[in-house]
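Heads up: the structure comes next, in structure tokens.
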Amino acid sequence: MQMSEGMRVIEATEVPLGASSSDDTLMEFIKAGDQRAFRELVTRHLDRVYAVALRILGNRADAEDLAQDAFLRLWTARERWEPGRAQVGTWLYRVVVNRCIDLRRKSRELAVDEVPDVADDAASAVTTIHQGEMSRKLDDALTALPEQQRAAVVLFYFEDLSNAEIADVMETTVAAVESLLKRARKKLRDVMRGSEADAYHLFDA
């Protein structure tokens, strides 16, 4: 997945930028219109931002559009960026989650056939679920969850965020996140009941 060619950026003076540069350092150069810094930030975060959108929406085209939109919003708001107020990754997650929730509320009929299997190296409990029918059943169960519950589940199980980090992304309290996850787990357990025991117990409180 690549960013749109339509985005115009300014090439800045040659400076040493790369994987070792922090997000805040990159943002300082991006504020000045540095193209290479922006490309490095996109390379660093695009895959995970896209994965979150895809898991919430279940549609590749919409997920790609929303991921690109998040970076476009970051670019257009770059001059207002203040280091220390929020982590770049958290800000991007917040934009994507909010846009996904808005889109799902507008259109409830989302395709689930294109939702990919969880990557082998994903740091989450859901990676233990067997492939095939079990994965499809879980995708259906996730799609049926209310928007905010699904977002919380995706961030917790697929992105391995803590409750506090999810609360920051969703701009709510840790208690509210715990409540969302508790209700989501109950619904997922109900759907997965009668399935293989290891998948069912993944969603024990």
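So how much slack lies between residue 48 and residue 31, counting 0.36 nm per residue of separation and subtracting their Cα-Cα distance, in nm? If you can, show how the numbers build up before the last one.
Details: separation 17, 0.36 × 17 = 6.12 nm, distance 2.28 nm.
This chain segment gains 3.8 nm when fully extended.
Points 7 angstrom from Cα along the Cβ direction at residue 162 and residue 80: gap in nanometres?
2.9
Quick one: if you stick a label point 7 Å off each Cα along the C-beta vector at residue 174 and residue 39, how many nm between them?
A separation of 4.2 nm, rounded to one decimal place.
Per residue of region 146-160, in order, report the coupling 6.51 cos²θ - 1.76 cosθ + 1.60 (Karplus, θ = phi - 60°) as ³J(HN,Hα) in whole Hz, putting x for Gly and Pro.
Taking θ as phi minus 60°, the curve returns x, 3, 5, 5, 5, 4, 5, 5, 4, 5, 7, 8, 9, 9, 6 Hz for region 146-160.
Once both labels are modelled 7 Å past Cα along the beta-carbon direction, what's the residue 72-residue 20 spacing in nm?
3.6
Only the coordinates and a few stated rules stand behind these numbers; no lab work does. Because the structure is predicted, anything quoted here is derived from the model rather than measured. A quick note on method: Cβ atoms are made from the backbone with ideal geometry, for glycine too, and the neighbour counts reach across all protein chains shown.
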